[in-house]
Each structure stands twice: as C-alpha cells, then as structure tokens.
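The values are calculated or read from the model by the stated rules, or taken from the named source; none is laboratory data. Just so it is clear, the model here is predicted, and its values are computed rather than measured. Virtual Cβ from ideal backbone geometry, glycine too; neighbours counted across all protein chains shown.
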Amino acid sequence: MQIVQSIDRAFQILTEVADDPSGISEISRRLGLPTSTVARLLATLEQLGAVERLTDDSGYRIGPSVVTMAASVDTTQSLLTVAQPTMQELVDLVAEAVGLSIPAGYDVHYIGQLDCANPVQVRDWTGVSLPMHIVPSGMVVLAHWPDEAVDRYLNRKLDQYTPRSVIMPDRIRARLDEVRETGIFWMEEEFSEGINSVAAPLFNQAGAVVGALHSHGPSYRFPDETLKDIVADRVRWAADEISSALGYVA
C-alpha cells in the first residue's frame, strides 16, 4: 500500500514534538527534512490544533486536538488488543484459561479471558472485580504499590472468601515480598473453592504496573505439581512479552 508522503511526514513531526517539544530547525535536523517543508507542515498542524507554540515561542508541542483524541482512547481495549496474541499463546502452552485484569481502586477488575479447550469448572470472570488480597492478580499489583498505600489497604477490614483466604496483614506483607522476589504469585482455593490461579504483573513504558496476567484452572488438575514451576515460568514469560509490547524495558 502506498503511503501518502505529506501524511507520513506530518506524523513524523507529531511524533518528534510529542517526544521533545522543539523548533522548526531542530525538527528539520532530526528528521532530515527541508526546513521549508517542516515549517509548512507545522503551520497546517497548528491551524488544526494538532500542535501549538510554546509560550516563549521557542518551538512547538502537542496541541489540544491530539490531546482530546488521546483522551478518548479506551485504555482497557488497548491493553486487551496488545495482550491477546500472547494470551492465546499462553492458553496453548498451559492448557488452561488465561485472563487479564487492571487495578480499580482496592480491587482488580477482570477485562478479558481466553478459555482452554476443556474449561471444566471454570467460569469467565470478565467484568468481575475482586479485592486485591484475594486473588494473585491483585497481589502482584499490590506488591508494586508504595509502602504507605499498602499500609492503607491492609489497615481496613479484609474480606475472607474461603476458609483458605489469607487476611492477616503480616502474612500478606510476607507474600508481597515473595512477589517482588519472584515476579509471580500462586493462590490455591483462596478466592473460590476448587480453583487455583497464578499471576504476574504487567508494566507500561514508564515502569508502572498497569495490570496483571493470570492463568486459572480447577484445583484437581491445576497445577500438576511436576509442572508447577514450568507453568509459572510460562506465565512470567507471557507477562514480560506483553510488558515489552507496552514499551517496558526491564
């Protein structure tokens, strides 16, 4: 497919301005374009509100029309779009359901799930929100919160979903240390009897945790104790792949 040159160049200019607000000469130098071409395209972009002049008139930055368009993007769908190919690979590797969740206050909210060929006793958790301490997806997010935020979370009354749910703050803190050390966390029948789950965190370009990837299945078969470490490694690998696709560099 043929690329329209003027659109391609305008997009290059927008990318440069977004990365580093600059003047015409600097943008021209970085892109290897004639100064007259950059000046003409910037003038058009300014008229459209895609760029605006800095207050000291030293260059250009992203304008209000681009900011408005960016704000309209559904970040949940964007994350799902990036993650789904790797999620499917993980389903094929571990032969169990794989899901994606994002932080929502003191909960994690499940935004997508891909099932395996034989999803015995496992429901689709999409649309459900659960307290962070109850599920491994929440624990791997909570482990990367500042200490003060973790303290505020643990100083509340913590719900217990099954007899195996851990609600003692000291034990939860020890678990968070484990997450930070291993990059992954298992839970067995703590949020639902008969269901085990393992999760790893997802990071964006800035190194912030934006969600979690997990795999879950019926406790009688997941995990096979001889394969537990292999499953953990595969979930960790998949989370790293998604994080890399989001721009994260370890």
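Couple of notes before you dig in:
- Filtered residue count, the stretch 169-187, keeping only those that are of a type outside the set (D, E, K, R) and loosely packed, with under 12 Cβ neighbours inside 10 Å: 1
- For the stretch 194-221, a tally of residues being closer than 25 Å to L79 by Cα, part of a loop (DSSP other than H, G, I, E, B) and more than 14 Å from the chain's Cα centre (by Cα) returns 0.
- Taken together, T37, T44, T15 contain a single residue that is of a type outside the set (G, A, S), under 27 Å from the mean Cα position of the chain (by Cα) and closer than 17 Å to Q5 by Cβ, which is T15.
- Wholly within the stretch 94-165, strands (runs of 3 or more DSSP E) carrying at least 3 residues that are over 27 Å from R221 (Cβ atoms): 97-104
- Matching residues in the stretch 195-228 - criterion: being hydroxyl-bearing (S, T, Y) and in contact with a Leu (Cβ under 8 Å, 6 or more places away or on another chain): S215
- Subset of the stretch 18-34 (residues that are within 33 Å of the chain's Cα centre (by Cα) and basic (K, R)): R30
- When V150 is tested against the conditions (1) of a type in the set (A, V, I, L, M); (2) modelled with pLDDT under 95; (3) touching an Asp or Glu at 6+ places or on another chain (Cβ under 9 Å); (4) more than 22 Å from L100 (Cβ to Cβ), the lone failure is (3).
- Across the stretch 107-128, the number of residues qualifying as at pLDDT 90 or above and of a type outside the set (A, V, I, L, M, F, W, C) comes to 3.
- Inside the stretch 222-250, residues that are aliphatic (A, V, I, L, M), under 19 Å from V141 (Cα atoms) and outside any helix (DSSP H, G or I) make up a count of 3.
- Of all residues in the stretch 197-221, those that are closer than 16 Å to S243 by Cβ have Cβ atoms under 6 Å from Cβ atoms of residues that are polar (S, T, N, Q) and modelled with pLDDT under 90, 6 or more apart or on another chain, in V210/N204.
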